[in-house]
Every structure is written in structure tokens, then in C-alpha cells.
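J.: Take a look at the following structure, please.
The values are calculated or read from the model by the stated rules, or taken from the named source; none is laboratory data. Every value quoted in this text rests on a predicted model; they were computed, and no experiment measured them. Counting neighbours? That spans all protein chains shown, and the Cβs are built from the backbone with ideal geometry, glycine included. Accessible surface is based on the protein model in full, side chains and every heavy atom, while ligands, DNA and RNA are left aside. Shrake-Rupley method; radii C 1.70, N 1.55, O 1.52, S 1.80 Å.
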Amino acid sequence: METGTLLHLLSAYLFCMGLLTLLLRRNTIVMLMGIELMLNAINLSFVTFAHELQQVSGQLQVFFVITIAAAESAVGLSILVNVYRNFGSIKTNLTTRMRG
Amino acid sequence: MSEPILSSLPLWILLLPLFGFLLNGLAYPLAAKGMGRTHVGIAGGIATVVMFLSFILACMGFVALRSSNGPLVQPLYDWVAISDLKISLVLHLDRLSSLMTLIITGIGTLIHLYSIGYMSHEKGAARFFAYLNLFCFAMLLLVLSDNLLFVFFGWEGVGLCSYLLISYWYSEEANAVAARKAFLVNRVGDLGFVLAMCILYLNAGTLSFSALAQHMAPEAMGMLGIAAVLLFFAATGKSAQLPLYVWLPDAMAGPTPVSALIHAATMVTAGIYLFARMHFMFELFPNLMVLVAWTGALTALFAGTIALVQNDIKRVLAYSTVSQLGFMFLALGVGAYQTAVFHLMTHAFFKALLFLGAGSVIHGCDGEQDMRKMGGLASKLPLTHITMLAGSAAIIGLPVFSGFFSKDEILYEVLVQPRGGWLLFACGAVAAFLTAVYTVRLLVLTFWGQARQGLGGHESPFVMTLPLVILAVLATVGGFLGVPHAWTHALGLESMHSLSAWLSPVIPAAAMLEGPLSEGVVSFLAVALGVAGSIVSYLTFRRRFDLPLPGLRRLFEGKFFVDEIYGALFVKPLYRAGEWMARVLEVGFVQNFGGWLGSGSLWSGQRMRALQNGDLQAFALVLTAGLVAIIGILLVWAHV
């Protein structure tokens, strides 16, 4: 099997792991980690495509994703601090009071 | 006359009554702080003045048309303009419209003036005069449009005003019922009008008369035939012919000036006007024309017999109107359009006169309409009596009076035209005889003989007698507009049938043919019948009120039981269907439908709430499922 295909498969595997983490784990911090995992799976995919197609734009895109992911983590974690203050927990099954 | 006035003449003729309607219907009641406080003199004055101004303009239009054959055409605006569908409001004053306009505004003015006296005891008469003005507006729109659609607007407008005025005294249920009957029966005919317009538009792509006249293509004969029949059906509704005449006698529930204006002189002639206007289409269908002639002849006979036994003075005149309208349709059917219009005009004079005279009698008798209680009123109401005599002489057709010329012309044309014949002539002659009988009966019961109940205190005031006198003069001399060709020919003069000369650019004259009898003989016969009918009637009804033939009397008094037959065939089933719907559909479905909608949304809302549980990951799951579903669909789509 070619390296590119292997990398794509790895990327898809990582994405699915991240998605499952997001869907199945109750701990919000772990869910954020799942989201990071998905974003990095996408990054891997971008880089692979950039390599295959010999285009630099895929690599550029990765920087954007990393930047946004950093911002997202910062916002997400600060929300979590407030959630913990209000609910005394960061488990999603205990923070359903807002009904969406 | 300056050019701008002339070019917008039709618009001003049309708008003045509308202006009067707005004044009386809106401005004056607002100024007087309530309809009930409006004064009959002021309201009637406004209404009469606008009608009179309109009449003067109509006269100016008449003068303008004398010098030219062409119509005064005034395009107002394009109402609809969507690619091929183009409907414009164009006013069109040609010689036929001009004649109708003169009748409407002229007789309208007299009747408005008369109403000031007749309605003097009414509170809030502004409503009455507003309706009358609105009626005149609608009727003028009907005769001034060059387009079937706007004629239809006028057609519906006069129907509406007829409804409003019949039920003017709406607090009595009988009046409201009569108005509803008139409206509904007219709607039946109107359906024919609408369908005919649809067919004509589909075939010709236009609704304007001038364009339609050029689109009478022989290849579309089948559809055109249906349109012609439907249009004739509409005319029978408005002009109270068999089978749709039933509303007119009941329409007498309205105030008498209304009966004179709407149900004798103008609105009921709309059907004849329409027929004369569309004669180019009807002419293509000889069989239909025979049907028209027979409808007219039978209506004339039928209504004449019923008029013999009516005891309400206005109902006699109502059936008489139906009968005279039958004469007009008889003339239309044999192709003598000009003659029909001639009789329309003379009938407008003498029937308006008779109605107004009857109104004067009713006014003098404090609202009593039963002729059996009257009698001997000639001395108490001398002016009314004399004018009524002139009107009666005109309707009977005594020589020199207007009805003599027009009715003889109809009878003569029926005899000589190829679609006529002896049978139709016989119907017409018998109807003419009956006309004399019921008219003289009316005179005998009302004016002559002994006063039976001491009714009738006073002659009517000047505002009421003046229109009577003017109309009496018109009813007496109006016939000289149509001096028979045979007379002038015999005297070696130029033709003096000025009405025919006037109308010829618009409606062709009936062919001059030699018949089995000369016009002189027909005239003599008609006069003999009239005089015989008068004498028979005088001798019969001098001593009694009712027909001395019990079998026939019961039939006539039951009005041939047409109302009962219609009741059983149409009214009762419809009522029953309505009741069923009220009981089953309304209660079972319509009233619950809203509730069903509400409870359905509540129920589905309850079910949907389960999804909205607030669990972040449940939402994410649904989101993911949706994403997977969309990707799946796209994949499948790409591979199919």
C-alpha cells in the first residue's frame, strides 16, 4: 500500500476516534480533547493531500486550523471553568438544566 | 363647445352621479352627524342637481353626435395589461349609448325630483338618494363601456343597487326577502354572463365590442353559439323574462320611485341594451333568435294574464313591465333591433309615468297599495289622474300616444320579418289586448267609480306632479320620433322615422319587407284590439274586482304556480342542503377543524420534546447521524 493511502486511512481512523470520544465520554475536558484529535486528523489529511498534489495551500490551511484550535481550546476551557463554578461538575449528563 | 369638455364628456356624465353618491353617502351624513339626521330636501336636492348636470352633459353629447356618426371615445386607463391579456376602461359614447344615457339621466332626474316629495316623511333619506345616485352611476357605466367586462361591472352594480333599494325599508322582513330573491335570481343569470365572457375571450382574445364584432369567425361557431345562449340567459335574468322573471314582481317591495327608475325605465332594459349591442353575434344563430322571439312572446302573454288578477297597484305595473319587456324581446328575436330600442324608449316614458302616478296615488292614500280599497280618486287627485290617463293611453297604444307607434311597429315587424309569422303575431296581439284590459282595470279600480274606503286625502306636492306632467308629455309625443315609413310614404314625404335614422350607424335597420298585411292594417288591428280590450275591461270591472272566470282566475292568481315549482325544484333542495351542511359539515368539521389543528400541534409537540433533553451529546449524536445520512445520500446520488 502506498504511503499516501496509509496516511489517509490513519487520518480517517484518528477522526473517528475523536468523534467517538466526543460522543461517548461524559467528561467535557475529554470531549475537548476529542475535538482536538479530530482537528489534527484533518490536519494530517491536509498535509497528505498537499504532498500528493504538490500544492502548498493544504499546508497553509493547517496553520489556520492550528490557530483556530488554540483559540477554541482557550474559549472552551474558560467556559468549562464557569460551568464547574455553576454546576459543581463538568460531566455533561449533570449539566442539562439549560435544555440545549 | 370647447374641445376639452367634449373629449371628456363621457367621463363627466359618468362621474357626476358617483360624486352625488359620495356627497350623500359620506359627506352629508358626516356633516349632519349621522345618517338619521339628514334632511330629505338637502339630500334630494344634491342628488337631483348632479343628475340634472349629468343630463345636460348627456344632451351636449347628443348634440355632438348629431354632427358626426363616429362615437366619442375616451380611453381612461389600462386596468389589466399582462402580455396578451389587455383590458382597458374605455368610455364609448355612440348613438345607442347616447340614447340610453339620455333616458337614464333624463328620467333619472325626474325621478330624483319626484323622490324628494315621495320620501318627504322619511328620516335619513340621504341613504336613499345615495343609493339612487350609485345606481345611476352603475347604469351609466353599463351603457358607456366599450368592453363586456366593464359592462359586467355596471351590470353587477345595478344589481347591487337594486338589492339595496328593494330592501330600503329593511326592518320589514318581507322586503329583505324580496331583495334577496331579486339578487339571487339575478345571480343565476349573471353566471351566464361570466361564462359567456370567458368563452368570448377564449375565442376572440378580446372583450371590447368593436373588436368582438370583427372576430365573429365562422370556425368557432359552436363555442360562440354557447356564448350567445349564455348571454341571452343573462339578459333574461336582468330583463325579467321567462324563466327568470320571478324576481321583478316581488321587487315592488321597494319605494315606488325605485320601481319607476330601476324596475321599469332603466335596469330591466339592460338585457335589451346588451342584446342590441351584441346583435352581430346573435344574428349568426337564427335558431336562437327564434327562441328569443318565442321567449319574448310567451313572457308578454304570460305576464299579461297574471297582471289581470293582481290587486296591488304596483304589482299590476310590475307584471305589465315584464309583459312589455317581452314585447321588446319579441322584436329583438325577429331582428328588429331598432324597434326594440324604440319600444324601450317609449316604455321608459310611459311606464315611469305609470309608476310615478301609482306612487302619487299611494302617497295620497297614506301608503295603501290595494286597489280594492281605492276607487273614485279621480276627483281627489286630478293631476295624477290626467297624467295616468296619458300613460295608460300610451301603453294601450291609442293613436298618437307613444306606445301606439312602438307597439305597432313591433307587431308589424313580427309579421313581415322572416323569423316572425302569424303565431308570434297572434301572441303579440293577444298580449296587446291583455295590456288594454289590465290597464283599464287599474284605472277603473283606482280612479273611477265610487270611493270605497274614503282613501286619498290630497293631491301630491308640486315636486311630484311636475315630473308626472313632463313624463306625460313625453309619453304622449315621444312616439313621433318613430313615425312609420308607410305613413310618410303614403303622404309622399321624406322618411320621418328619426329614431331609425339616428340609430342606423350603430344598429342596422330591419329589412323593409312586404308582409301579408300592410302597416296601416296592422295599426288598425292593434288599435281595435286596444279599444276592444279597454271596453271589455271597463264593462267587466265596473262592478267587480276580479276576473269573472273562476278557473282561470285561480290559475292567474296563483301566478301559474311558478314560484311554487321553483320552490320545490330549487329553493327547498338548496335549503335542505344548506341545513345539512350547517348540521353536519359545520358542526362536525368546520367548527372542529381549528381545534384539531391545535390539539394536533400540541400532541406532536409533546412527542418532539423528548428529543430536546438538554444532553449535549445527544445533540451531537443527532448531528453526526444527519451528517452521515447526507454523505450517504450524496454517495448514492453520485453512483446512480
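J.: Take the residues in segment B:132-153 that are free of Cβ contacts under 8 Å to residues at least 60 places away in the same chain and in a helix (DSSP H, G or I); name whichever of them is least open to solvent (accessible area, probe 1.4 Å). Show your work before the answer.
T.: Taking segment B:132-153 and keeping what is free of Cβ contacts under 8 Å to residues at least 60 places away in the same chain, we get B:138, B:145, B:152-153.
Adding the requirement that they be in a helix (DSSP H, G or I) leaves B:138, B:152-153.
Values: B:138: 7, B:152: 27, B:153: 83 Å².
Only one residue tops the list, namely B:138.
J.: May I pose another question? So, in segment B:585-640, of the ones that are of a type in the set (Val, Ile, Thr) and surrounded by fewer than 11 Cβ atoms within 10 Å (Cβ to Cβ), which residue ends up modelled with the lowest pLDDT?
T.: B:640
J.: Would you tally the residues in segment A:53-100 being more than 14 Å from chain B (Cβ to nearest Cβ) and not acidic (Asp, Glu)? Give the steps one after another, and end with the answer.
T.: Filtering segment A:53-100 down to residues more than 14 Å from chain B (Cβ to nearest Cβ) leaves A:53-75, A:77-78, A:81-82, A:84-86, A:88.
Subsequent filtering for residues that are not acidic (Asp, Glu) retains A:53-71, A:73-75, A:77-78, A:81-82, A:84-86, A:88.
Residues flagged as more than 14 Å from chain B (Cβ to nearest Cβ) and not acidic (Asp, Glu) within segment A:53-100 amount to 30.
J.: Being more than 14 Å from chain A (Cβ to nearest Cβ) and not charged (D, E, K, R): is that true of residue B:591 here? Explain how you work it out, then say what you get.
T.: Details: more than 14 Å from chain A (Cβ to nearest Cβ): yes; not charged (D, E, K, R): yes.
Criteria met by residue B:591.
J.: Please find, among B:541, B:570, B:545, the residue that is open to solvent by 60 Å² or more (accessible area, probe 1.4 Å), in contact with a helix residue (DSSP H, G or I) (Cβ under 8 Å, 6 or more places away or on another chain) and over 29 Å from residue B:423 (Cβ atoms).
T.: Numbers: B:541 fails: open to solvent by 60 Å² or more (accessible area, probe 1.4 Å); B:570 fails: in contact with a helix residue (DSSP H, G or I) (Cβ under 8 Å, 6 or more places away or on another chain).
Testing whether each residue is open to solvent by 60 Å² or more (accessible area, probe 1.4 Å), in contact with a helix residue (DSSP H, G or I) (Cβ under 8 Å, 6 or more places away or on another chain) and over 29 Å from residue B:423 (Cβ atoms) leaves just B:545.
J.: Kindly check whether there is at least one residue in segment A:4-19 that is within 29 Å of residue A:78 (Cβ to Cβ), without any contact (Cβ under 8 Å) to a residue 24 or more places away in the chain and open to solvent by 80 Å² or more (accessible area, probe 1.4 Å).
T.: No, that holds for no residue.
J.: Going through segment B:65-87 one residue at a time, which ones are open to solvent by less than 40 Å² (accessible area, probe 1.4 Å) and closer than 21 Å to residue B:273 by Cβ?
T.: Kept after step one, since they are open to solvent by less than 40 Å² (accessible area, probe 1.4 Å), are these residues of segment B:65-87: B:65, B:70, B:72, B:74, B:80, B:87.
Once the filter is applied, which keeps residues that are open to solvent by less than 40 Å² (accessible area, probe 1.4 Å) and closer than 21 Å to residue B:273 by Cβ, segment B:65-87 yields B:65, B:70, B:72, B:74, B:87.
J.: Tell me the helices (runs of 4 or more DSSP H) entirely within segment B:238-324 that contain at least 2 residues that are within 15 Å of the chain's Cα centre (by Cα).
T.: Values: elements: B:247-250, B:256-260, B:270-277, B:279-282, B:286-307.
Filter on segment B:238-324 gives B:247-250, B:256-260, B:270-277.
J.: Give the residue that is farthest from residue A:15 (Cα to Cα), with candidates limited to residues of segment B:603-624 that are within 10 Å of another protein chain (Cβ to nearest Cβ) and small (Gly, Ala, Ser).
T.: Of segment B:603-624, the ones within 10 Å of another protein chain (Cβ to nearest Cβ) are B:609, B:611-621, B:623-624.
Pick out the ones that are also small (Gly, Ala, Ser) and you get B:614, B:618, B:620.
Values: B:614: 25, B:618: 19, B:620: 15 Å.
It comes out as B:614.
J.: Another question about this same structure. Taking residue A:53 and the conditions (1) modelled with pLDDT under 90; (2) open to solvent by 90 Å² or more (accessible area, probe 1.4 Å); (3) hydrophobic (A, V, I, L, M, F, W, C), which numbered condition does it fall short on, given that it satisfies the others?
T.: It is condition (1) that residue A:53 fails.
J.: The conditions are (1) modelled with pLDDT of 90 or more; (2) outside any helix (DSSP H, G or I), and residue B:21 fails exactly one of them. Which is it?
T.: (2)
J.: What residue, of B:567, B:598, is away from chain A (no Cβ under 14 Å) and more than 30 Å from residue B:183 (Cα to Cα)?
T.: Working: B:567 fails: more than 30 Å from residue B:183 (Cα to Cα).
Among B:567, B:598, only B:598 is away from chain A (no Cβ under 14 Å) and more than 30 Å from residue B:183 (Cα to Cα).
J.: Quickly run through segment A:69-92 and pick out the residues that are in a helix (DSSP H, G or I), in contact (Cβ under 8 Å) with a residue 12 or more places away in the chain and open to solvent by 80 Å² or more (accessible area, probe 1.4 Å). Step through it out loud before you land on a result.
T.: From segment A:69-92, those in a helix (DSSP H, G or I) are A:69-87, A:92; that's our starting set.
With the extra rule that they be in contact (Cβ under 8 Å) with a residue 12 or more places away in the chain, the set shrinks to A:69, A:72-73, A:76-77, A:80, A:83, A:92.
Hit for segment A:69-92 is A:77, nothing else.
J.: From (1) more than 14 Å from chain B (Cβ to nearest Cβ); (2) within 14 Å of the chain's Cα centre (by Cα); (3) open to solvent by 60 Å² or more (accessible area, probe 1.4 Å), pick out the condition that doesn't hold for residue A:44.
T.: (3)
J.: Determine, yes or no, whether residue B:244 is in contact with a Leu (Cβ under 8 Å, 6 or more places away or on another chain), modelled with pLDDT of 85 or more and not assigned by TED's automatic domain parsing to the domain that holds residue B:141. Step through it out loud before you land on a result.
T.: Working: in contact with a Leu (Cβ under 8 Å, 6 or more places away or on another chain): no; modelled with pLDDT of 85 or more: yes; not assigned by TED's automatic domain parsing to the domain that holds residue B:141: yes.
It is false that residue B:244 is in contact with a Leu (Cβ under 8 Å, 6 or more places away or on another chain), modelled with pLDDT of 85 or more and not assigned by TED's automatic domain parsing to the domain that holds residue B:141.
J.: Give segment B:154-192 a look and list any residue that's touching a Pro at 6+ places or on another chain (Cβ under 8 Å) and either acidic (Asp, Glu) or assigned to a helix (DSSP H, G or I) (or both), or say none.
T.: First pass over segment B:154-192, keeping only residues touching a Pro at 6+ places or on another chain (Cβ under 8 Å): B:165, B:168-169.
Once the filter is applied, which keeps residues that are touching a Pro at 6+ places or on another chain (Cβ under 8 Å) and either acidic (Asp, Glu) or assigned to a helix (DSSP H, G or I) (or both), segment B:154-192 yields only B:165.
So that you can scan it fast, the table gives a plain yes or no per residue for (1) under 26 Å from residue B:356 (Cβ atoms); (2) assigned by TED's automatic domain parsing to the domain that holds residue B:501; (3) among the hydrophobic types (A, V, I, L, M, F, W, C):
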site: B:85; (1), (2), (3): no, no, yes
site: B:92; (1), (2), (3): no, no, no
site: B:96; (1), (2), (3): yes, no, yes
site: B:99; (1), (2), (3): yes, no, yes
site: B:106; (1), (2), (3): yes, no, no
site: B:161; (1), (2), (3): yes, no, yes
site: B:165; (1), (2), (3): yes, no, yes
site: B:188; (1), (2), (3): no, no, yes
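J.: State whether the residues of segment B:247-268 include one that is aromatic (Phe, Trp, Tyr) and open to solvent by 10 Å² or more (accessible area, probe 1.4 Å). Working first, answer last.
T.: Quick first cut of segment B:247-268, residues aromatic (Phe, Trp, Tyr) only: B:247.
Add one more test, that the residue is open to solvent by 10 Å² or more (accessible area, probe 1.4 Å), and what stays is none.
The answer is no; no qualifying residue exists.
J.: Would you say residue B:116 is open to solvent by 10 Å² or more (accessible area, probe 1.4 Å) and either assigned by TED's automatic domain parsing to the domain that holds residue B:469 or at pLDDT 90 or above (or both)? First the steps, then the outcome.
T.: Details: open to solvent by 10 Å² or more (accessible area, probe 1.4 Å): yes; either assigned by TED's automatic domain parsing to the domain that holds residue B:469 or at pLDDT 90 or above (or both): yes.
When the stated conditions are applied, residue B:116 passes them.
J.: In the list B:195, B:231, which residue meets the criterion of being open to solvent by 10 Å² or more (accessible area, probe 1.4 Å), modelled with pLDDT of 90 or more and either farther than 17 Å from residue B:299 by Cβ or in a loop (DSSP other than H, G, I, E, B) (or both)? Give the steps one after another, and end with the answer.
T.: Working: B:231 fails: open to solvent by 10 Å² or more (accessible area, probe 1.4 Å).
It is B:195.
J.: How many residues, within segment B:33-90, are more than 30 Å from residue B:128 (Cβ to Cβ) and assigned to a helix (DSSP H, G or I)? Full working, then the answer.
T.: Kept after step one, since they are more than 30 Å from residue B:128 (Cβ to Cβ), are these residues of segment B:33-90: B:63-75, B:77-88, B:90.
Those still in the list that are assigned to a helix (DSSP H, G or I) too: B:63-67.
Residues flagged as more than 30 Å from residue B:128 (Cβ to Cβ) and assigned to a helix (DSSP H, G or I) within segment B:33-90 amount to 5.
J.: Just a yes or no: is a residue in segment B:170-181 touching a Leu at 6+ places or on another chain (Cβ under 6 Å), modelled with pLDDT of 90 or more and either buried (at least 23 other Cβ atoms within 10 Å of the Cβ) or more than 16 Å from residue B:270 (Cβ to Cβ) (or both)?
T.: Here is the first cut: in segment B:170-181, the ones touching a Leu at 6+ places or on another chain (Cβ under 6 Å) are none.
No, the conditions are met nowhere in segment B:170-181.
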